[in-house]
Amino acid sequence: WLPCNTSDCLCSRFPSRATEAGVLQGIAPSESLTSGMVSRSTRFCVWFAVALSGLWGSALAGGGDVSLVDMYPPKDPIYKYFPPGPGSNKRLYPMGKEQPYQRRQYSDGYIVDVHDRSTAEARERERLASGMHNKVRKAAEVHRRVRKYALDQLIKPGVRLIDMCEQLENATRTYLEADKGPYAGVKAGIGFPTGCSLNNCAAHYTPNPGDKTVLKYNDVMKLDFGTHVDGLIVDSAFTWAPDPRYQSLLAAVKAATLAGIDAAGIDVRLSDVGEAIQEVMESYEVVLDGKTYPIQCVRNLQGHSIRPYQIHAGKSVPIVKGGDQTKMEEGELYAIETFGSTGKGIVHEDLECSHYMKNFDVGHVPLRMAKAKELLGVIDRSFGTLAFCRRYLDRLGCKQYLLGLKNLCDSGLVQPYPPLVDVKGSWTAQYEHTLILRPTQKEVLSRGDDY
(Lines give C-alpha, C1' and ligand atoms only; values in the text may rest on other atoms or scores of the structure.)
Protein backbone atom coordinates (compact mmCIF):
# COMPACT_ATOMS: atom_id res chain seq x y z
CA TRP A 1 0.00 0.00 0.00
CA LEU A 2 1.24 3.48 -0.86
CA PRO A 3 0.09 6.77 0.66
CA CYS A 4 -2.33 8.63 -1.57
CA ASN A 5 -1.33 12.28 -1.25
CA THR A 6 -1.47 13.46 -4.84
CA SER A 7 -4.29 14.75 -6.99
CA ASP A 8 -2.93 12.64 -9.82
CA CYS A 9 -3.61 9.38 -8.00
CA LEU A 10 -6.00 7.18 -9.96
CA CYS A 11 -8.04 6.33 -6.86
CA SER A 12 -8.92 10.02 -6.58
CA ARG A 13 -9.66 10.53 -10.25
CA PHE A 14 -11.82 7.40 -10.54
CA PRO A 15 -13.34 6.82 -7.09
CA SER A 16 -15.93 4.31 -8.30
CA ARG A 17 -13.18 2.10 -9.66
CA ALA A 18 -11.16 2.45 -6.50
CA THR A 19 -14.17 1.48 -4.43
CA GLU A 20 -14.48 -1.68 -6.49
CA ALA A 21 -10.82 -2.34 -5.83
CA GLY A 22 -11.49 -1.92 -2.12
CA VAL A 23 -14.09 -4.66 -2.34
CA LEU A 24 -11.63 -6.78 -4.28
CA GLN A 25 -9.12 -6.49 -1.45
CA GLY A 26 -11.67 -7.72 1.07
CA ILE A 27 -12.75 -4.30 2.34
CA ALA A 28 -16.49 -3.80 2.67
CA PRO A 29 -17.79 -0.95 0.48
CA SER A 30 -18.71 1.11 3.54
CA GLU A 31 -15.16 0.70 4.82
CA SER A 32 -13.36 1.31 1.55
CA LEU A 33 -10.33 3.51 1.91
CA THR A 34 -11.68 5.76 -0.83
CA SER A 35 -15.20 6.07 0.55
CA GLY A 36 -14.47 9.37 2.27
CA MET A 37 -14.53 7.92 5.80
CA VAL A 38 -10.88 8.84 6.29
CA SER A 39 -9.07 12.03 5.49
CA ARG A 40 -7.30 12.42 2.19
CA SER A 41 -3.86 12.45 3.81
CA THR A 42 -4.41 8.96 5.23
CA ARG A 43 -5.82 7.34 2.09
CA PHE A 44 -3.91 4.59 0.42
CA CYS A 45 -3.63 3.86 -3.26
CA VAL A 46 -5.68 0.70 -3.73
CA TRP A 47 -4.91 0.89 -7.42
CA PHE A 48 -1.23 0.26 -6.73
CA ALA A 49 -2.06 -2.73 -4.55
CA VAL A 50 -4.34 -4.15 -7.22
CA ALA A 51 -1.71 -3.67 -9.90
CA LEU A 52 0.79 -5.58 -7.76
CA SER A 53 -1.61 -8.36 -6.86
CA GLY A 54 -2.96 -8.87 -10.36
CA LEU A 55 -6.35 -9.58 -8.85
CA TRP A 56 -8.47 -6.97 -10.61
CA GLY A 57 -9.77 -9.25 -13.33
CA SER A 58 -10.18 -12.47 -11.34
CA ALA A 59 -10.92 -11.99 -7.65
CA LEU A 60 -14.00 -9.80 -8.07
CA ALA A 61 -16.89 -11.63 -9.70
CA GLY A 62 -17.55 -9.62 -12.83
CA GLY A 63 -14.48 -7.47 -12.12
CA GLY A 64 -13.45 -5.13 -14.91
CA ASP A 65 -10.26 -4.57 -16.83
CA VAL A 66 -8.09 -2.08 -14.92
CA SER A 67 -6.71 -0.77 -18.21
CA LEU A 68 -10.16 0.42 -19.32
CA VAL A 69 -11.89 3.52 -18.00
CA ASP A 70 -15.31 4.65 -19.16
CA MET A 71 -14.98 7.29 -21.86
CA TYR A 72 -17.78 9.65 -22.82
CA PRO A 73 -19.28 8.85 -25.20
CA PRO A 74 -18.46 5.14 -24.65
CA LYS A 75 -16.03 3.60 -27.13
CA ASP A 76 -15.81 -0.05 -26.04
CA PRO A 77 -18.36 -2.87 -25.73
CA ILE A 78 -19.19 -3.81 -22.17
CA TYR A 79 -17.55 -7.24 -22.34
CA LYS A 80 -14.10 -5.64 -22.59
CA TYR A 81 -14.51 -4.31 -19.05
CA PHE A 82 -15.10 -7.82 -17.70
CA PRO A 83 -12.40 -10.28 -18.79
CA PRO A 84 -12.89 -13.99 -18.11
CA GLY A 85 -11.62 -15.46 -14.86
CA PRO A 86 -8.57 -17.75 -14.76
CA GLY A 87 -9.08 -20.96 -16.73
CA SER A 88 -12.51 -19.86 -17.92
CA ASN A 89 -14.04 -18.12 -20.92
CA LYS A 90 -17.03 -16.95 -18.88
CA ARG A 91 -17.46 -13.28 -18.13
CA LEU A 92 -19.31 -12.54 -14.92
CA TYR A 93 -21.26 -9.32 -14.61
CA PRO A 94 -22.02 -7.51 -11.35
CA MET A 95 -24.89 -8.71 -9.23
CA GLY A 96 -27.71 -6.36 -8.34
CA LYS A 97 -28.89 -5.68 -4.81
CA GLU A 98 -29.94 -8.89 -3.10
CA GLN A 99 -32.80 -8.82 -0.62
CA PRO A 100 -33.96 -11.79 1.46
CA TYR A 101 -37.54 -12.95 1.30
CA GLN A 102 -39.59 -12.22 4.39
CA ARG A 103 -42.41 -14.11 6.05
CA ARG A 104 -45.58 -12.08 5.79
CA GLN A 105 -49.05 -12.39 7.27
CA TYR A 106 -51.76 -10.17 5.86
CA SER A 107 -54.91 -8.82 7.49
CA ASP A 108 -57.10 -11.38 5.72
CA GLY A 109 -55.04 -14.24 7.16
CA TYR A 110 -53.03 -15.01 4.00
CA ILE A 111 -49.45 -16.05 4.85
CA VAL A 112 -46.33 -16.02 2.69
CA ASP A 113 -43.71 -18.33 4.18
CA VAL A 114 -40.01 -18.62 3.34
CA HIS A 115 -39.04 -21.82 5.16
CA ASP A 116 -37.79 -23.63 2.03
CA ARG A 117 -35.85 -20.79 0.37
CA SER A 118 -32.34 -21.79 1.51
CA THR A 119 -32.42 -25.51 0.83
CA ALA A 120 -29.89 -27.35 -1.33
CA GLU A 121 -32.65 -27.90 -3.87
CA ALA A 122 -33.33 -24.14 -4.12
CA ARG A 123 -29.63 -23.42 -4.52
CA GLU A 124 -29.40 -26.00 -7.29
CA ARG A 125 -32.32 -24.41 -9.15
CA GLU A 126 -30.51 -21.11 -8.85
CA ARG A 127 -27.29 -22.60 -10.21
CA LEU A 128 -29.13 -24.00 -13.22
CA ALA A 129 -30.48 -20.52 -14.02
CA SER A 130 -27.12 -18.77 -13.53
CA GLY A 131 -26.56 -18.32 -17.28
CA MET A 132 -29.78 -16.39 -17.66
CA HIS A 133 -29.01 -14.39 -14.52
CA ASN A 134 -25.63 -13.36 -15.93
CA LYS A 135 -27.19 -12.16 -19.19
CA VAL A 136 -29.73 -9.93 -17.49
CA ARG A 137 -27.01 -8.63 -15.13
CA LYS A 138 -25.03 -7.65 -18.22
CA ALA A 139 -28.00 -5.64 -19.45
CA ALA A 140 -28.36 -4.06 -16.00
CA GLU A 141 -24.68 -3.06 -15.88
CA VAL A 142 -25.08 -1.33 -19.24
CA HIS A 143 -28.16 0.48 -17.94
CA ARG A 144 -26.22 1.79 -14.92
CA ARG A 145 -23.34 3.02 -17.08
CA VAL A 146 -25.55 4.64 -19.69
CA ARG A 147 -27.62 6.53 -17.14
CA LYS A 148 -24.43 7.71 -15.42
CA TYR A 149 -23.24 9.01 -18.79
CA ALA A 150 -26.61 10.70 -19.25
CA LEU A 151 -26.54 12.33 -15.82
CA ASP A 152 -22.90 13.40 -16.10
CA GLN A 153 -22.88 14.63 -19.68
CA LEU A 154 -26.24 14.81 -21.40
CA ILE A 155 -29.06 15.94 -19.12
CA LYS A 156 -28.88 19.68 -18.59
CA PRO A 157 -31.16 22.65 -19.16
CA GLY A 158 -30.97 23.83 -22.77
CA VAL A 159 -30.36 20.41 -24.35
CA ARG A 160 -32.65 19.34 -27.16
CA LEU A 161 -34.41 16.20 -26.03
CA ILE A 162 -33.91 14.52 -29.39
CA ASP A 163 -30.13 15.00 -29.11
CA MET A 164 -30.10 13.71 -25.54
CA CYS A 165 -32.06 10.58 -26.49
CA GLU A 166 -29.96 9.79 -29.54
CA GLN A 167 -26.67 10.11 -27.65
CA LEU A 168 -27.99 7.97 -24.79
CA GLU A 169 -29.20 5.30 -27.20
CA ASN A 170 -25.93 5.32 -29.12
CA ALA A 171 -24.15 4.59 -25.84
CA THR A 172 -26.34 1.51 -25.34
CA ARG A 173 -25.65 0.42 -28.90
CA THR A 174 -21.90 0.75 -28.34
CA TYR A 175 -21.85 -1.17 -25.06
CA LEU A 176 -23.94 -4.02 -26.51
CA GLU A 177 -22.66 -3.93 -30.12
CA ALA A 178 -26.20 -3.42 -31.39
CA ASP A 179 -24.97 -2.09 -34.75
CA LYS A 180 -22.65 -5.03 -35.42
CA GLY A 181 -24.32 -6.73 -38.37
CA PRO A 182 -27.85 -7.87 -39.25
CA TYR A 183 -30.13 -8.75 -36.32
CA ALA A 184 -27.48 -7.47 -33.86
CA GLY A 185 -29.96 -5.16 -32.15
CA VAL A 186 -32.36 -8.07 -31.69
CA LYS A 187 -29.59 -10.10 -30.06
CA ALA A 188 -28.59 -7.31 -27.64
CA GLY A 189 -29.12 -3.58 -27.43
CA ILE A 190 -31.97 -1.15 -26.80
CA GLY A 191 -34.93 -2.63 -24.93
CA PHE A 192 -37.34 0.15 -25.91
CA PRO A 193 -37.17 3.83 -26.92
CA THR A 194 -35.93 6.38 -24.42
CA GLY A 195 -38.88 7.98 -22.68
CA CYS A 196 -38.32 11.58 -21.61
CA SER A 197 -41.86 12.55 -20.66
CA LEU A 198 -42.21 16.06 -19.27
CA ASN A 199 -44.32 17.49 -16.48
CA ASN A 200 -47.97 16.30 -16.76
CA CYS A 201 -46.94 13.72 -19.38
CA ALA A 202 -46.19 10.57 -17.38
CA ALA A 203 -45.03 8.05 -19.99
CA HIS A 204 -44.48 7.03 -23.63
CA TYR A 205 -43.09 10.30 -24.99
CA THR A 206 -39.90 10.27 -27.01
CA PRO A 207 -39.11 12.91 -29.64
CA ASN A 208 -40.15 12.16 -33.19
CA PRO A 209 -37.93 13.33 -36.07
CA GLY A 210 -37.96 17.12 -36.24
CA ASP A 211 -39.03 17.60 -32.60
CA LYS A 212 -37.23 20.69 -31.26
CA THR A 213 -38.33 20.43 -27.60
CA VAL A 214 -35.67 21.79 -25.21
CA LEU A 215 -35.26 20.73 -21.59
CA LYS A 216 -35.83 23.53 -19.07
CA TYR A 217 -34.68 23.93 -15.48
CA ASN A 218 -38.21 23.82 -14.08
CA ASP A 219 -39.22 20.71 -16.04
CA VAL A 220 -39.95 17.38 -14.37
CA MET A 221 -38.58 14.74 -16.75
CA LYS A 222 -39.10 10.99 -16.41
CA LEU A 223 -36.12 9.27 -18.07
CA ASP A 224 -37.24 5.72 -18.81
CA PHE A 225 -35.12 3.49 -21.04
CA GLY A 226 -34.39 -0.19 -21.48
CA THR A 227 -31.47 -2.44 -22.31
CA HIS A 228 -31.57 -6.11 -23.24
CA VAL A 229 -29.41 -9.17 -23.83
CA ASP A 230 -31.07 -12.06 -25.67
CA GLY A 231 -34.40 -10.36 -25.09
CA LEU A 232 -33.95 -10.21 -21.31
CA ILE A 233 -35.02 -6.62 -20.75
CA VAL A 234 -33.91 -4.36 -17.92
CA ASP A 235 -36.53 -1.63 -17.52
CA SER A 236 -35.57 1.17 -15.16
CA ALA A 237 -36.47 4.84 -14.79
CA PHE A 238 -35.83 7.90 -12.67
CA THR A 239 -37.05 11.48 -12.53
CA TRP A 240 -34.86 14.52 -13.21
CA ALA A 241 -36.08 17.73 -11.56
CA PRO A 242 -33.33 20.07 -10.34
CA ASP A 243 -35.76 22.66 -8.99
CA PRO A 244 -35.89 21.86 -5.24
CA ARG A 245 -39.59 22.59 -4.97
CA TYR A 246 -40.32 19.22 -6.57
CA GLN A 247 -38.23 17.17 -4.17
CA SER A 248 -41.20 15.99 -2.07
CA LEU A 249 -42.84 14.63 -5.21
CA LEU A 250 -39.67 12.77 -6.18
CA ALA A 251 -39.15 11.49 -2.64
CA ALA A 252 -42.70 10.11 -2.52
CA VAL A 253 -42.35 8.19 -5.76
CA LYS A 254 -38.90 6.85 -4.97
CA ALA A 255 -40.06 5.68 -1.53
CA ALA A 256 -43.16 4.08 -3.03
CA THR A 257 -41.07 2.16 -5.57
CA LEU A 258 -38.78 0.87 -2.83
CA ALA A 259 -41.85 -0.14 -0.81
CA GLY A 260 -43.09 -2.12 -3.81
CA ILE A 261 -39.73 -3.84 -4.13
CA ASP A 262 -39.73 -4.69 -0.42
CA ALA A 263 -43.24 -6.13 -0.69
CA ALA A 264 -42.49 -8.27 -3.77
CA GLY A 265 -41.62 -11.93 -3.41
CA ILE A 266 -42.47 -15.49 -4.35
CA ASP A 267 -46.15 -16.28 -3.60
CA VAL A 268 -46.90 -12.62 -2.81
CA ARG A 269 -50.20 -11.44 -4.28
CA LEU A 270 -49.89 -8.59 -6.77
CA SER A 271 -52.66 -6.68 -4.97
CA ASP A 272 -50.61 -6.69 -1.76
CA VAL A 273 -47.70 -5.06 -3.59
CA GLY A 274 -50.07 -2.36 -4.84
CA GLU A 275 -51.40 -1.71 -1.35
CA ALA A 276 -47.87 -1.28 0.04
CA ILE A 277 -47.05 1.20 -2.74
CA GLN A 278 -50.16 3.29 -2.26
CA GLU A 279 -49.75 3.50 1.50
CA VAL A 280 -46.32 5.07 1.11
CA MET A 281 -47.03 7.25 -1.94
CA GLU A 282 -50.13 8.90 -0.57
CA SER A 283 -48.56 9.70 2.79
CA TYR A 284 -46.70 12.57 1.03
CA GLU A 285 -47.73 16.01 -0.11
CA VAL A 286 -45.94 18.79 -1.97
CA VAL A 287 -46.24 22.57 -1.73
CA LEU A 288 -46.04 24.39 -5.08
CA ASP A 289 -46.50 28.15 -5.35
CA GLY A 290 -48.06 28.26 -1.90
CA LYS A 291 -50.62 25.54 -2.58
CA THR A 292 -50.47 22.09 -0.97
CA TYR A 293 -51.09 19.13 -3.26
CA PRO A 294 -51.62 15.57 -2.00
CA ILE A 295 -49.49 13.20 -4.05
CA GLN A 296 -51.61 10.53 -5.69
CA CYS A 297 -50.73 7.25 -7.36
CA VAL A 298 -51.47 7.27 -11.07
CA ARG A 299 -53.88 4.38 -10.70
CA ASN A 300 -54.12 3.32 -14.33
CA LEU A 301 -50.35 2.87 -14.72
CA GLN A 302 -48.78 -0.32 -13.41
CA GLY A 303 -45.65 -2.39 -13.15
CA HIS A 304 -45.43 -5.61 -15.12
CA SER A 305 -43.83 -8.99 -15.53
CA ILE A 306 -41.16 -9.37 -18.22
CA ARG A 307 -40.35 -12.36 -20.42
CA PRO A 308 -37.77 -12.66 -23.21
CA TYR A 309 -38.67 -10.16 -25.96
CA GLN A 310 -41.93 -9.35 -24.17
CA ILE A 311 -41.79 -6.19 -22.09
CA HIS A 312 -45.38 -6.61 -20.81
CA ALA A 313 -45.63 -10.34 -20.19
CA GLY A 314 -49.14 -10.74 -18.82
CA LYS A 315 -48.97 -9.94 -15.10
CA SER A 316 -49.58 -6.36 -13.97
CA VAL A 317 -48.35 -4.97 -10.66
CA PRO A 318 -50.86 -2.37 -9.46
CA ILE A 319 -49.80 0.71 -7.56
CA VAL A 320 -53.04 1.00 -5.60
CA LYS A 321 -54.77 -1.47 -3.30
CA GLY A 322 -57.37 -3.94 -4.47
CA GLY A 323 -57.47 -5.78 -7.76
CA ASP A 324 -55.49 -8.78 -8.94
CA GLN A 325 -54.98 -11.64 -6.48
CA THR A 326 -52.55 -13.39 -8.85
CA LYS A 327 -49.33 -14.47 -7.13
CA MET A 328 -45.76 -13.77 -8.07
CA GLU A 329 -43.77 -16.90 -8.92
CA GLU A 330 -40.21 -18.13 -8.63
CA GLY A 331 -37.97 -17.18 -11.54
CA GLU A 332 -40.09 -14.28 -12.76
CA LEU A 333 -38.74 -10.90 -13.83
CA TYR A 334 -40.73 -7.82 -12.81
CA ALA A 335 -40.54 -4.11 -13.46
CA ILE A 336 -41.70 -2.46 -10.25
CA GLU A 337 -42.61 1.07 -11.27
CA THR A 338 -44.64 3.76 -9.60
CA PHE A 339 -45.99 7.09 -10.78
CA GLY A 340 -47.05 9.93 -8.52
CA SER A 341 -49.05 12.98 -9.59
CA THR A 342 -50.31 16.29 -8.28
CA GLY A 343 -53.25 16.00 -10.70
CA LYS A 344 -56.15 13.56 -10.88
CA GLY A 345 -54.01 10.44 -10.74
CA ILE A 346 -55.49 9.19 -14.02
CA VAL A 347 -53.72 9.41 -17.38
CA HIS A 348 -55.14 9.40 -20.89
CA GLU A 349 -53.67 9.24 -24.38
CA ASP A 350 -52.67 12.55 -25.96
CA LEU A 351 -50.07 14.13 -28.25
CA GLU A 352 -48.35 12.64 -31.29
CA CYS A 353 -47.54 8.92 -31.07
CA SER A 354 -43.88 7.91 -31.12
CA HIS A 355 -43.75 4.43 -29.50
CA TYR A 356 -44.72 1.29 -31.42
CA MET A 357 -44.29 -2.44 -30.87
CA LYS A 358 -45.08 -5.54 -32.88
CA ASN A 359 -47.70 -7.58 -31.05
CA PHE A 360 -46.10 -10.58 -29.39
CA ASP A 361 -48.74 -13.25 -30.08
CA VAL A 362 -50.00 -12.10 -33.46
CA GLY A 363 -50.15 -14.72 -36.20
CA HIS A 364 -49.93 -14.32 -39.95
CA VAL A 365 -51.89 -11.36 -41.25
CA PRO A 366 -52.12 -10.89 -45.04
CA LEU A 367 -51.01 -7.45 -46.17
CA ARG A 368 -51.90 -5.85 -49.48
CA MET A 369 -49.91 -2.64 -49.17
CA ALA A 370 -46.35 -3.07 -50.49
CA LYS A 371 -44.99 -0.38 -48.14
CA ALA A 372 -46.50 -2.18 -45.16
CA LYS A 373 -44.92 -5.50 -46.18
CA GLU A 374 -41.55 -3.84 -46.65
CA LEU A 375 -41.77 -2.06 -43.31
CA LEU A 376 -42.78 -5.27 -41.51
CA GLY A 377 -39.60 -6.91 -42.81
CA VAL A 378 -37.53 -4.05 -41.39
CA ILE A 379 -39.29 -4.35 -38.03
CA ASP A 380 -38.76 -8.12 -37.87
CA ARG A 381 -35.04 -7.83 -38.70
CA SER A 382 -34.28 -4.82 -36.51
CA PHE A 383 -36.59 -5.09 -33.50
CA GLY A 384 -38.58 -8.31 -33.51
CA THR A 385 -41.15 -7.79 -30.75
CA LEU A 386 -39.08 -5.12 -28.99
CA ALA A 387 -40.55 -1.61 -28.96
CA PHE A 388 -39.30 0.97 -31.45
CA CYS A 389 -39.96 4.56 -32.45
CA ARG A 390 -40.04 6.61 -35.63
CA ARG A 391 -36.51 7.92 -35.05
CA TYR A 392 -35.23 4.34 -35.28
CA LEU A 393 -36.94 3.85 -38.66
CA ASP A 394 -35.34 7.07 -39.93
CA ARG A 395 -31.96 5.86 -38.70
CA LEU A 396 -32.38 2.64 -40.71
CA GLY A 397 -33.00 4.66 -43.86
CA CYS A 398 -36.73 4.04 -44.13
CA LYS A 399 -38.50 6.59 -46.35
CA GLN A 400 -42.17 7.56 -46.59
CA TYR A 401 -43.20 4.84 -44.16
CA LEU A 402 -46.03 6.52 -42.22
CA LEU A 403 -48.85 5.06 -44.33
CA GLY A 404 -47.28 1.62 -44.11
CA LEU A 405 -46.92 1.99 -40.35
CA LYS A 406 -50.57 3.03 -40.04
CA ASN A 407 -51.57 -0.01 -42.10
CA LEU A 408 -49.60 -2.30 -39.77
CA CYS A 409 -51.35 -0.73 -36.77
CA ASP A 410 -54.77 -0.99 -38.38
CA SER A 411 -54.15 -4.67 -39.19
CA GLY A 412 -53.26 -5.49 -35.58
CA LEU A 413 -49.66 -6.47 -36.33
CA VAL A 414 -48.22 -3.41 -34.60
CA GLN A 415 -49.57 -1.64 -31.51
CA PRO A 416 -49.14 2.14 -31.12
CA TYR A 417 -48.43 3.51 -27.64
CA PRO A 418 -49.25 7.24 -27.55
CA PRO A 419 -48.02 9.50 -24.73
CA LEU A 420 -50.01 9.26 -21.48
CA VAL A 421 -50.84 12.52 -19.71
CA ASP A 422 -52.58 13.73 -16.57
CA VAL A 423 -54.44 17.05 -16.50
CA LYS A 424 -52.64 20.15 -17.72
CA GLY A 425 -50.78 22.02 -15.01
CA SER A 426 -50.10 18.89 -12.98
CA TRP A 427 -46.73 17.30 -12.31
CA THR A 428 -45.87 13.63 -12.50
CA ALA A 429 -42.82 11.63 -11.41
CA GLN A 430 -41.66 8.03 -11.90
CA TYR A 431 -39.13 5.60 -10.43
CA GLU A 432 -38.69 2.04 -11.61
CA HIS A 433 -36.46 -0.99 -11.09
CA THR A 434 -36.28 -4.47 -12.58
CA LEU A 435 -35.99 -7.38 -10.16
CA ILE A 436 -35.80 -11.14 -10.46
CA LEU A 437 -37.33 -13.60 -7.99
CA ARG A 438 -34.48 -16.06 -7.62
CA PRO A 439 -35.09 -19.31 -5.71
CA THR A 440 -33.10 -18.16 -2.65
CA GLN A 441 -33.69 -14.40 -2.61
CA LYS A 442 -34.82 -11.53 -4.80
CA GLU A 443 -32.29 -9.46 -6.71
CA VAL A 444 -32.93 -5.85 -7.72
CA LEU A 445 -30.95 -5.98 -10.93
CA SER A 446 -30.98 -2.30 -11.86
CA ARG A 447 -30.13 -0.80 -8.47
CA GLY A 448 -27.12 1.49 -8.47
CA ASP A 449 -25.44 4.21 -6.46
CA ASP A 450 -27.79 6.77 -8.02
CA TYR A 451 -31.18 5.28 -7.15
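The values are calculated or read from the model by the stated rules, or taken from the named source; none is laboratory data. Quick caveat: nothing in here was measured; it's all calculated off a predicted structure. All Cβ positions, even for glycine, are placed from backbone atoms using ideal geometry, and neighbour counts span all protein chains on display. All accessible areas refer to the heavy atoms of the entire protein, side chains included, with ligands and DNA or RNA removed. Shrake-Rupley method; radii C 1.70, N 1.55, O 1.52, S 1.80 Å.
Express the relative contact order of region 353-417 as a whole percentage, based on alpha carbon pairs under 8 Å and six or more residues apart in sequence. Could you put the intermediate results ahead of the total?
Numbers: 68 pairs, mean separation 38.7, N = 65.
Relative contact order comes out at 60 percent.
Could you work out what % of the accessible surface of region 108-249 is carbon and sulfur, using a 1.4 angstrom probe and leaving DNA, RNA and ligands out of the count?
Details: 2800 of 5370 Å².
Carbon with sulfur: 52 percent of the solvent-accessible area.
Within the accessible area of region 353-417, the carbon and sulfur atoms contribute 54%, probe 1.4 Å, all protein chains present.
For a label point 7 Å from the Cα of residue 216 along Cα→C-beta, name the residues of region 398-439 whose backbone N is under 18 Å from it. Counting backbone N atoms under 18 Å from the label point, the list is 422-429. The modelled label-to-label distance for the pair residue 300/residue 179, using points 7 Å beyond Cα in the direction of Cβ, is 4.0 nm.
Modelled this way, with points 7 Å down the Cα-to-C-beta line, the labels at residue 88 and residue 399 are 5.1 nm from one another.
Please arrange 101, 217 by accessible surface area, largest first, computed with a 1.4 Å probe and ligands excluded.
Descending accessible area places them as 217, 101.
Calculate what fraction, in whole %, of the accessible area of region 284-350 sits on carbon and sulfur atoms when a 1.4 Å probe is rolled over the protein chains. Mind showing how you got there, number by number?
On the way: 1450 of 3150 Å².
Heavy-atom surface of region 284-350 belonging to carbon and sulfur, 1.4 Å probe: 46 percent.
Pull out a ≥ b ≥ c, the square roots of the eigenvalues of the alpha-carbon gyration tensor of region 353-417, then state rounded if a/c is under 1.5, prolate if not and a/b is larger than b/c, and oblate in the remaining case. Rounded shape, in that the Cα axes give a/c under 1.5. Multiplying the residue separation of residue 245 and residue 325 by 0.36 nm and subtracting their alpha-carbon distance yields 25.0 nm. Entry comment: accessible area of region 241-366 is 44 Å² per residue, from protein heavy atoms only and a probe of 1.4 Å.
When you count the other C-beta atoms within 10 angstrom of each residue and take the mean per peptide, 127-133, 431-437, 387-393 line up highest first as 431-437, 387-393, 127-133. Starting from the Cα gyration tensor of region 317-362, take the square roots of the eigenvalues, sort them a ≥ b ≥ c, and report rounded, prolate or oblate (rounded when a/c is under 1.5, otherwise prolate if a/b is larger than b/c, else oblate). The shape class here is oblate.
Could you order peptides 289-302, 162-175, 235-248 by the average number of other Cβ atoms within 10 Å of their residues, highest first? Write down the numbers at each step before the final one.
Numbers: 289-302: 17.1, 162-175: 21.0, 235-248: 18.7.
So the order, starting with the most tightly packed, is 162-175, 235-248, 289-302.
Amide H contacts of residue 344 (H built 1.01 Å from N, in plane; Pro and chain starts excluded): 423 sit under 5 Å, all sequence-distant by 5 or more or on other chains. Computed extension length for residue 118-residue 208: 27.5 nm, one decimal, from 0.36 nm per residue of separation with the Cα-Cα distance subtracted. Sorted on the mean count of surrounding Cβ atoms within 10 Å across their residues, most packed first, peptides 358-367, 415-424, 269-278 read 269-278, 415-424, 358-367. Using R₀ = 22 Å, calculate the FRET efficiency as 1/(1 + (r/R₀)^6) where r is the Cβ-Cβ separation of residue 130 and residue 102; round to 0.05. Computed FRET efficiency for residue 130 and residue 102: 0.35.
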